[in-house]
Structures are given as C-alpha cells and as structure tokens.
Amino acid sequence: LSLCLLFRRLDGRQTYDYRKIKITFGTDYGCCYVDLGKTRVMAQVSCELVAPKENRPNEGIMFFNIELSPLASPIFEQGRQSELSVKLNRQLERCLRNSKCIDTESLCVVSGEKVWQIRVDVHMLNHDGNLMDAASIAAITALCHFRRPDIAVQGEEVTVYSPEERDPIALSIYHMPISVSFSFFQQGTYLLVDPCEREERVMDGLLMIAMNKHREICSVQSSGGIMLLKEQVLRCSKIASVKVSEITELISKALENDKKARKAGGRCGFAESLPQERITALKMDEMPVEVTDVTEQAYDIIQKTKEPPQTVPSPLVPAPGVGQVDQGQQNTWGLEEEEEEREDGVEEEAVMEVEQQKEEESKGAQRYFNII
Amino acid sequence: MAGLELLSDQGYRLDGRKATELRKVQARMGVFAQADGSAYLEQGNTKALAVVYGPHEMRGSRSRTLHDRAVINCQYSMATFSTAERKRRPHGDRKSTEMSLHLKQTFEAAVMTQLYPRSQIDIYVKILQSDGGNYSVCVNAATLAVIDAGIPMRDYVCACTVGFVDETPLADLCYAEESGGVSSLALALLPRGGQIALLQMDARLHQDHLETLIDAAMTACKGVSKVLDEVVRQHLQEVSVLTRE
C-alpha cells in the first residue's frame, strides 16, 4: 500500500479536480443513481404517514440510512454497524438534517397525529473512493426529484390521493447542501480533492465540508488523526464553495433534463440507461495527462539504470557436486544471457523467416505481374 | 424557543455570561485508585468522568495490534440520568459511537503512540450530567486523565464549543443555546502549536463567518488550557507533598 507521491495523481487529475459526475434517474420519483468516476451510489426516497415525535408534534420526520454491502467492495463485511458505516450515516444526517434543508413543517398533515416520514436510503453499489460526496449528491438529488402523494384534510378525515388521481407534489427544499471531501497526506503538506480508493487507503486524514451554493457552510467534519491549521481549513472552504456551485449546476441541469424527458413521455429509468452504458463501456474516458516531461523522465531513467553485467562469453557450468558460492549469481546471469541470446536468435530467425516470406510473396507478386 | 433571547442587547447570555466568557471549570485528578489515570471535570453544569487504562497488552482482537504504535480505544457513554429525559440506551447508539470515534481520532493525534508499539491505551469517558458542550468536556476530562496516567502527549488537548448568534461568537455553549438552532462549532486544539485536532460544525453558517468563529474557538481553547495547566500543577504539588511525607 505504498504509493509514491507525485504532484500529479494516478488518473491524471489535478489536485483540485473532481472526477466525472453522472446523474441518472429511475422510473419512480425519488430514485437516483450517481456516478462519481467509478464510485456508484443509489438513493431512493420513500414516504409514509406516521405519528410524529412527542416533542415535535407539528414537524415531519426525516430518516437517513446508508447501506454498505459487500457488493460495493470486499472491505465491507456482511454484519452492519462497522465504524465507517456509522461515520457516513452520522455525517449524512448532520449534513442534511441539521442544516434544515427540507421544510419539515410542511410535512405535517394533522398536527400531533399524522405527519409524513421521509426515508432516504442510500446504497453503495461500487466503492472507488469518496463515498461521502457521492452519497450526499445522491441523497439531495433524490430528495429534489421525489414527489409525495397529494392529500386533502377534511376535519378529521385525511384522504391520500394516488398518483393517478392527482399529481404528486414535490418536497419544499430550501437549499442543497453538498459535501466536498479533502484528503491530507504527510501531515497536511499535500491536499487532494475527491480521493479515489487507492488515495483513500494511504491518506492521513479527511476533511469534509458541506456547503450550499449560497456559500453557507452546512457542516464541517475532520476525521483521521491529522492536525490542521486554521489557514488550511479556510483554504479548503474556499475551494469547496467553487466546487459546490459547479455540482449544484450539474444537479439542476440533470433535474431539468429528466423533467423534460418525462413530459415528452419518453420511457425513463435505470433499465433504459443501462444498455447505453454497455455500448460505451469500451470507451475509456479521456483524461488529459501531462506528457511534457515524460520523454525527459524516460531519458533520465534509462541513463540512471546501471549497465547490465558483462555477459560471460561462454556459460560456466560448474562441475557437478562443486558448490561455488561466489559465482553462483553470475552463473544465472550467464544462463539468462544465454537464454536471451537464444531468444534473440529465435526472434532473429523468426524475423528472417518473415522477411523471407515477404520476399517470396513479393517475388510471387512480381512473377504474377510479369505474367501479366 | 422563540421567546428565549440567547444574547440580550446588553451583551448578556441566558446564564448571565458575556459572549466570550467560559463557564466555571473545576477539576480533580486521580479520583480512582484502581485505574492508571482518572479525572473528573465540571464545566458549568456539565460533569464528566474520564478513566484511562494503559498502555497494556492488546486485549480482545490481537489482529488489530499495530507494530509501531499503540492503539487507542475510546468509549463514550452517557449516564441514563444525565439528560432531562431518561436516556434509554447509554451505549451503542449512533451518537455515542460517533463521539467515541471522534475522541479516538483526537487522542491519536495528541498522544505519542510511537513510544508504545503493540499495546493498547483505553480511554473511557462518562457524562454524568449533560448541559451542553458534551464533546468538549469529554476531551478536557480525558486530557487530564491521560496526564494523570503518565502517558506522554504532545500538548494539552483543549476543546470548546462555540456558537454564532447575531454576528457574535458565543464561547462555551450550554444546552439551551445548543438546541436553539444555533450554528455550533466544536474544536479540539493543541494550544501551543495552534493545531486543530478535530473540527466539527453543524447548522448553517456563512463562509465569511467561519474565520471569526474558528478564532473565537481558538481563544476559548487557550483559556481552557490555562485552567487545565493550573489544575495539573496543583495536583502535582499535592501528590509530591504527600509522597515526601
């Protein structure tokens, strides 16, 4: 697990770059898939009518749940409540619930008796780093996408209309908090945005900042045993505000597209989007990689490697039964060289054969032409 | 809670403190003879008890031993009588697990674990009365307990919870202020180097105010560190007087 730290990252990104984010929606309202590079996350929002909590009789209930299953990564075990799962759950709860992004009072139907309980389930489908960001994007997009059934209250009677009778209503969302993760290496000297799984394994610590596009910080959480300085935290918050506005735009665009697609009556959903993925699966996402220094580096590497040891002119085969400790290694080198020579010879022969074939072919062709 | 004024016009808070005033801190070290280190800390009405065992051999899962460092094992729990309503599950619920993780992270940064490879240090903290600032009081109590156990640390770890009301940062929140929907920031600091061991913030706060809030938290933590230092020196004096005689 030792990675050499370059100033460039494994997949060619810059230090402050996010991976490509792709958002797709399912057939139901409130189902959303988010791809962050290869990290894949699904969020589903559902609602039901329940009795409210005693100390908050006129507010709805929000319940968040993150599932880490072994299907996402072999690190996750079948038994739940691992440390990571608790951490992610709590962070998502704090990011979305404490920031009051959803108007819970609008979820109240009959005060003290019936309120809507909104349940957000986030499932990790593939773990390639930075689960927290993907989960937060998925959760907030699913919440924006979700429509709850329309209801009518007449006195004490509550009628719930099914989606066919009346159009379902969207939730009232004040703002969209999105979390941005920064990973620190080597006691805070290096900082990366959006770590992938390999980077996560070797990082020292993680800083998660959740912000909305109005530049309000909704939650800050530092984890891992690192020590931060105030300036680092402030710098991270500035970077986060830029990233959050980009991602918020992306989410609104995706929601718009989906609305248009549904209005047009086109079939939408996961099943539709999957075949498309198969067709383009062979296409590798292009990543701009800096290749300016590569030739120089290659030259340096070649020069620095030592010359291979002098080949032994004739392979020394020690007399059977004699153990020669010193020359043992040289011997194997000699054998390898011999093998290499043999291989080279074979290659040369093969090359010569090919050349001969080519000559023959060309001769044949010439003959053919001559005939003509 | 609309009627409660968290900061009056004259600058006084609900309990009569000014905006940057900390609550009264009282602490005792060495309260238990059985444990390697123990401490009891009161910060206003919040009372916490911290106990440290270690460093000792790894118990439980031997596979988690680290070959070059000590493993720090923290457990945070609240007494059932600590809150206004009786708490049904003192251990194992998500908030307690999260607090334990945060404590572990804080002390991993501060304790010199490289001096004790292949061993384990246990820190147990229990809240006896909860009146806001649970995490900060736990960290302060645990710092004193670790010092009492004689485990070397890089610096005192001091923590404080600050809130932001009406453009003013309030230091050391009490329960009424915390639950009033105020944005609160919990900060664990190593005062000498100004390094932040843990930073945790809930609720909405504009980005521009973040710096003022962190500054207020750092000043409050430095205040706490002075008090803790006083307590440690006094305790040492008492102990050395007793051993001399």
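The values are calculated or read from the model by the stated rules, or taken from the named source; none is laboratory data. Model, not experiment: these values are computed from the prediction. Cβ coordinates were reconstructed from backbone atoms using ideal geometry, including for glycine residues, and neighbour counts include every protein chain displayed.
Miscellaneous remarks
- Residue within segment A:180-188 that is polar (S, T, N, Q) and assigned to a loop (DSSP other than H, G, I, E, B) present: yes
- Annotation: residue B:212 fulfils all but one of (1) over 17 Å from the mean Cα position of the chain (by Cα); (2) of a type in the set (Val, Ile, Thr); (3) farther than 19 Å from residue A:237 by Cα; the unmet one is (3).
The rows are residues; the columns are (1) touching a Cys at 6+ places or on another chain (Cβ under 7 Å); (2) more than 27 Å from residue A:205 (Cβ to Cβ).
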{"position": "B:169", "(1), (2)": "no, no"}
{"position": "B:180", "(1), (2)": "no, yes"}
{"position": "B:187", "(1), (2)": "yes, no"}
{"position": "B:192", "(1), (2)": "no, no"}
{"position": "B:200", "(1), (2)": "no, no"}
{"position": "B:205", "(1), (2)": "no, no"}
{"position": "B:213", "(1), (2)": "no, no"}
{"position": "B:237", "(1), (2)": "no, yes"}
{"position": "B:242", "(1), (2)": "no, yes"}
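- Among residues of segment A:219-234 being more than 17 Å from residue B:162 (Cβ to Cβ) and touching a residue at least 12 places away in the same chain (Cβ under 8 Å), the one that is farthest from the other protein chains (Cβ to nearest Cβ) is A:232.
- Check on residue B:197, in contact with a Ser or Thr (Cβ under 6 Å, 6 or more places away or on another chain), within 27 Å of residue B:129 (Cα to Cα) and either hydrophobic (A, V, I, L, M, F, W, C) or surrounded by fewer than 23 Cβ atoms within 10 Å (Cβ to Cβ) (or both): yes
- Subset of segment B:172-204 (residues that are hydrophobic (A, V, I, L, M, F, W, C) and within 18 Å of residue B:19 (Cα to Cα)): B:173, B:174, B:176, B:182, B:185, B:186, B:187
- Number of residues in segment A:235-256 that are crowded, with 19+ Cβ neighbours inside 10 Å and more than 11 Å from chain B (Cβ to nearest Cβ): the value is 5.
- A Cβ distance below 7 Å, combined with a sequence gap of six or more or placement on separate chains, defines the contacts here; from segment A:159-175, residues that are without any contact (Cβ under 8 Å) to a residue 12 or more places away in the chain reach residues that are of a type outside the set (S, T, N, Q) in the pairs A:159/A:151; A:159/A:152.
- For residue B:32, the criteria (1) over 30 Å from residue B:117 (Cβ atoms); (2) without any contact (Cβ under 8 Å) to a residue 24 or more places away in the chain; (3) surrounded by 13 or more Cβ atoms within 10 Å (Cβ to Cβ) hold in every case but one, which is (1).
- Set B:51, B:71, B:25: member being touching a Phe, Trp or Tyr at 6+ places or on another chain (Cβ under 6 Å) and among the β-branched types (Val, Ile, Thr): B:51
- Qualifying residue in segment A:143-164 (condition: outside any loop (DSSP other than H, G, I, E, B), within 14 Å of another protein chain (Cβ to nearest Cβ), at pLDDT 85 or above and closer than 27 Å to residue A:24 by Cα): no
- Segment A:33-88, subset more than 15 Å from the chain's Cα centre (by Cα) and among the aromatic types (Phe, Trp, Tyr), residue surrounded by the fewest Cβ atoms within 10 Å (Cβ to Cβ): A:63
- Of the residues making up segment A:195-218, those that are in a loop (DSSP other than H, G, I, E, B), under 18 Å from the mean Cα position of the chain (by Cα) and either in contact (Cβ under 8 Å) with a residue 60 or more places away in the chain or within 13 Å of residue A:127 (Cα to Cα) (or both) are A:195, A:196.
- Subset of segment A:209-226 [touching a helix residue (DSSP H, G or I) at 6+ places or on another chain (Cβ under 7 Å) and surrounded by 24 or more Cβ atoms within 10 Å (Cβ to Cβ)]: A:209, A:210, A:211, A:217, A:218, A:219, A:221, A:226
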